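The values are calculated or read from the model by the stated rules, or taken from the named source; none is laboratory data. If you're wondering where the values come from, they're calculated on a predicted model, not measured in any experiment. Backbone-built Cβ (ideal geometry, glycine too); neighbour counts: all protein chains shown.
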Amino acid sequence: MTAPLLSVKDLSVTFRSDDGDLTAVRGMSFDVMPGEVLAVVGESGSGKSVTSLAIMGLLPRSARVSGSAMFDGRELIGADLKQLRKIRGKDIAMIFQDPMTALNPVFTIGSQIVEAITLHNDMSDKAAWERATELLNLVGIPDPKRRVKLYPHEYSGGMRQRAMIAMAMANEPKLLIADEPTTALDVTIQAQVLQVIRKAQAVTGAAMVLITHDLGVVAGLADRVNVMYAGAVFESGDIDDIFYRTANPYTLGLLGSIPILTARVSDKLTPIPGAPPNLRRLPEGCPFRPRCVFATEVCHGSEPDLMAVNGGRHRSRCYHIDKVAEARAGSTV
Amino acid sequence: MTQPILEVNDLKTHFPIRQGLFRRQTGTVLAVDGVTLYVDPHETLGVVGESGCGKTTLGRSILRLIEPTAGTVTYRGESVTGADKDRMRQLRKEMQIVFQDPYASLNPRMPVRDIIAEPLRIHGMDRKEANDRVGALLGKVGMMADHGNRYPHEFSGGQRQRIGIARALVLDPSLIILDEPVSALDVSIQAQVINLLEEIQDEFGLSFVFIAHDLSVVRHISDRVAVMYLGQVVELADRNQLYETPAHPYTSSLLSAVPVADPNAERERKRILLEGDLPSPANPPSGCRFHTRCPIAQDVCRVDPPELREVSAGHWAACHFPTGPGDSLINQVQRLGRDLRLVEAREH
């Protein structure tokens, strides 16, 4: 069996604040295999973005990070800045929701891609500019020879997102972390950018961690899925396990909450009652219990572990996996 | 035949672009440019389109929160665009609006009770009566009566949107314009608010204009749907007609771009990817405004703007070459021998 490219073990992140400590990520463990797309799904405050920032060493100093993240044989948690800089932008690249936070407004797109290339490679300026133009072409920027010399503000939103993808792919990273890469885009532009991400991933063979709240994007892109709630993984499995053999009440609730584009008759949506918990004061027992329709006495006790479903890679943090599976089989979603 | 509750006829809202020292007008943004539609009693009309298509300006122009440049709006047969200030105030009791951003649309320094009661006091109801009504409404939108004493910052996004809905309901309106009411909310909360909107519509017999960019949500909640592109309605039909047999290539492309939360469906899907970006509404293309991105555009489309016409009963489209049942956009693209941009949604 191949070794995982990224192996995260028991990762926790706590922020200090005046109102008490806030634990945003609670003992996350997951692997990313070479070449695979792992989607991390969750709502605001579930800890999905903080996890990736912790792995990249991009959290503010006030954040306390514990646990381990082994990338290609190297430990990332606690690594010094010099080591991290060698990895960031080379072996691990990131795509953000808002390209304007990642692009420098006073430099041309080309010079920023060239910088990313020459920082990690011994390459002449001329060759690097040619490579930058090639990359823009790869992500479908029309007339790349001219546009490589333009500034970010001269690009449209969709083009900026493509330019950021081009920059991320510049050094053929082994791992791409994409944090809500299409959330700010209109639907026709989103379809273009998703296509570019698929292509870029296929060309370079990079693995990808795709952070998103959109289950439609997940269905079109991911191989495996981690569903997060209250700073922990609640369900983890192959994409078909998550969508068709759902084994966690929270995942089931998410699937019941979204209207289906192709549904002729609109049955009432079945939302999850209540609201996500305050991370400073998690409820006793299972954090999802107050909103859960399957909850019983046992859920008040201790938080359930992430347990194997049918002995495979599919796992769920729930005492009532069987009941959820039964409900899933009976529903038409 | 029932009289529509709202009729919009050739509505135009243009914004001047001013530049330079003397603020000379150098251009015009055609935000809404000749929209005609109606809404029946108890009906939900969905309005979809991408950013910049004019859907938000349309909603605000109907209520004259933005003064339209030309055209008419009629409420139960009475002219809204011709109403004077006093009459307009009366009409606004009948027509309310809920905004997208529940953070920006509630006054942070007022307790929720006063936020909801403010319209009542403006319209002259005494405090005791107003308080009773607010308490009842808070219950209707799924909140507790004692929530009225708290301030907006004490509530989550979903709860704030419930407060916005209660404020819209307080004057007992017949029509509510909902401008992206759920797009700022997490999915589990979004579903709660959609269900709430459907419940209050049934209970109070309301008509909705539901403005949104999320096509799945719009299909779920609407009876009929209007699709907008660069300030104009390009297609208008019963929701199942529109989603199953779209007549306008823009509608087909929009629908094919939406990711569906069903991995098997995504594996089998073929998409038509639109090239390029939305043109500027300050300088829309000649002829059919969609022709620069349309995969089946022909010479006539570059010159001659198509009228919105009925392609089948109740199904309107503004296209010279509408697609139909059994003649999908993909078929037409193939017949024309155009460069096929169809892509399998994913490799497998």
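For segment B:38-52, a tally of residues being in a strand (DSSP E or B) and within 12 Å of the chain's Cα centre (by Cα) returns 5.
Checking B:Gly164, B:Gly148, B:Gly124, B:Gly158 one by one, the residue that is outside the structural domain of B:Asp186 (by TED's automatic domain parsing) and either in a helix (DSSP H, G or I) or within 27 Å of the chain's Cα centre (by Cα) (or both) is B:Gly148 and no other. Only residues that are assigned to a loop (DSSP other than H, G, I, E, B) and either touching a residue at least 60 places away in the same chain (Cβ under 8 Å) or away from every other protein chain (no Cβ under 14 Å) (or both) were counted in segment B:287-322, giving 20. Within segment B:72-92, the set of residues being exposed (fewer than 11 other Cβ atoms within 10 Å of the Cβ) and acidic (Asp, Glu) comprises B:Asp84, B:Asp86.
Taking the criterion of being in a loop (DSSP other than H, G, I, E, B), surrounded by fewer than 22 Cβ atoms within 10 Å (Cβ to Cβ) and touching a strand residue (DSSP E or B) at 6+ places or on another chain (Cβ under 6 Å), the only residue of segment A:174-207 that qualifies is A:Glu180.
Among the numbered conditions (1) part of a helix (DSSP H, G or I); (2) within 10 Å of chain B (Cβ to nearest Cβ); (3) out of contact with any helix residue (DSSP H, G or I) (no Cβ under 6 Å at 6 or more places or on another chain), the only one that A:Pro142 does not meet is (1). Against the test of being over 12 Å from A:Ile109 (Cα atoms), away from chain B (no Cβ under 14 Å) and touching a Gly at 6+ places or on another chain (Cβ under 9 Å), the options A:Ala170, A:Ala132 yield a single qualifying residue, A:Ala170. Within segment A:138-159, being buried (at least 22 other Cβ atoms within 10 Å of the Cβ) and either in contact (Cβ under 8 Å) with a residue 40 or more places away in the chain or among the β-branched types (Val, Ile, Thr) (or both) holds for A:Val139, A:Ile141, A:Val148. For segment B:311-344, filtering for residues that are at pLDDT 95 or above and exposed (fewer than 13 other Cβ atoms within 10 Å of the Cβ) leaves 0. Test A:Ile87 against the criterion of being under 22 Å from A:Gly205 (Cα atoms), touching a Phe, Trp or Tyr at 6+ places or on another chain (Cβ under 9 Å), modelled with pLDDT of 90 or more and not hydroxyl-bearing (Ser, Thr, Tyr), and give yes or no. In short, yes. Applying a threshold of 6 Å to beta carbon distances and a minimum spacing of six or more residues, or different chains, the list of pairs starting in segment A:89-103 at a residue that is assigned by TED's automatic domain parsing to the domain that holds A:Leu58 and ending at one that is among the polar types (S, T, N, Q) reads A:Lys90/A:Asn171; A:Gln97/A:Thr183; A:Pro99/A:Gln161. Quick check: is even one residue across segment B:260-268 within 25 Å of B:Ser312 (Cα to Cα) and within 14 Å of chain A (Cβ to nearest Cβ)? No, every residue in segment B:260-268 fails to be within 25 Å of B:Ser312 (Cα to Cα) and within 14 Å of chain A (Cβ to nearest Cβ). Listed by position, the strands (runs of 3 or more DSSP E) enclosed by segment A:32-104 that each have at least 1 residues that are over 18 Å from A:Leu11 (Cβ atoms) are A:37-41, A:92-95. Scan segment B:212-248 residue by residue and report those that are assigned to a helix (DSSP H, G or I) and within 30 Å of A:Ile242 (Cβ to Cβ). Within segment B:212-248, B:Leu215, B:Ser216, B:Val217, B:Val218, B:Arg219, B:His220, B:Ile221, B:Arg239, B:Asn240, B:Tyr243, B:Glu244 qualify.
Inside segment A:306-333, can you point out the residues that are of a type in the set (D, E, K, R) and either free of Cβ contacts under 8 Å to residues at least 60 places away in the same chain or assigned to a helix (DSSP H, G or I) (or both)? Even if it seems obvious, please write down each step before you answer.
Going residue by residue through segment A:306-333, those that are of a type in the set (D, E, K, R) are A:313, A:315, A:317, A:322-323, A:326, A:328.
Across segment A:306-333, the qualifying residues are A:Asp322, A:Lys323, A:Glu326, A:Arg328.
Evaluated against (1) at pLDDT below 95; (2) crowded, with 22+ Cβ neighbours inside 10 Å; (3) of a type in the set (Val, Ile, Thr), A:Thr270 falls short on exactly one condition, (2).
Return a yes/no flag: does segment A:274-283 have any residue that is more than 30 Å from A:Thr14 (Cβ to Cβ) and not aromatic (Phe, Trp, Tyr). Give the steps one after another, and end with the answer.
Keep residues of segment A:274-283 that are more than 30 Å from A:Thr14 (Cβ to Cβ), which gives none.
Within segment A:274-283 (the criterion being more than 30 Å from A:Thr14 (Cβ to Cβ) and not aromatic (Phe, Trp, Tyr)), the answer is no, since none of the residues qualifies.
Within segment A:82-107, the set of residues being under 11 Å from A:Gly57 (Cβ atoms) and touching a helix residue (DSSP H, G or I) at 6+ places or on another chain (Cβ under 6 Å) is empty.
Within segment A:208-255, being hydroxyl-bearing (Ser, Thr, Tyr), outside any strand (DSSP E or B) and crowded, with 23+ Cβ neighbours inside 10 Å holds for A:Thr246, A:Tyr250, A:Thr251. Being touching a residue at least 40 places away in the same chain (Cβ under 8 Å), over 27 Å from A:Asp214 (Cα atoms) and not basic (Lys, Arg), is that true of even one residue in segment B:213-231? Within segment B:213-231, one or more residues are touching a residue at least 40 places away in the same chain (Cβ under 8 Å), over 27 Å from A:Asp214 (Cα atoms) and not basic (Lys, Arg).
Let's see how each residue does on (1) in the same structural domain as B:Pro16 (by TED's automatic domain parsing); (2) assigned to a helix (DSSP H, G or I); (3) among the aliphatic types (A, V, I, L, M):
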position: B:Tyr250; (1), (2), (3): no, yes, no
position: B:Leu254; (1), (2), (3): no, yes, yes
position: B:Ala261; (1), (2), (3): no, no, yes
position: B:Asn264; (1), (2), (3): no, yes, no
position: B:Asp277; (1), (2), (3): no, no, no
position: B:Pro285; (1), (2), (3): no, no, no
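Consider A:Glu303 carefully, then state whether it is of a type in the set (D, E, K, R), part of a strand (DSSP E or B) and either outside the structural domain of A:Thr51 (by TED's automatic domain parsing) or over 20 Å from the mean Cα position of the chain (by Cα) (or both). If you could, list the steps in order and put the result at the bottom.
Numbers: of a type in the set (D, E, K, R): yes; part of a strand (DSSP E or B): no; either outside the structural domain of A:Thr51 (by TED's automatic domain parsing) or over 20 Å from the mean Cα position of the chain (by Cα) (or both): yes.
Considered against the rule, which asks whether it is of a type in the set (D, E, K, R), part of a strand (DSSP E or B) and either outside the structural domain of A:Thr51 (by TED's automatic domain parsing) or over 20 Å from the mean Cα position of the chain (by Cα) (or both), A:Glu303 comes out as no.
From the list A:Val227, A:Val209, A:Val218, the lone residue that is aliphatic (A, V, I, L, M), more than 10 Å from chain B (Cβ to nearest Cβ) and more than 22 Å from A:Gly89 (Cβ to Cβ) is A:Val227. Selection of segment A:277-315 for residues being touching a helix residue (DSSP H, G or I) at 6+ places or on another chain (Cβ under 8 Å), within 14 Å of chain B (Cβ to nearest Cβ) and crowded, with 19+ Cβ neighbours inside 10 Å yields A:Phe288, A:Arg291, A:Cys292. The single residue among B:His220, B:His248 that is closer than 29 Å to B:Asn9 by Cβ and at the interface with another protein chain (Cβ under 8 Å from one of its Cβ atoms) turns out to be B:His220.
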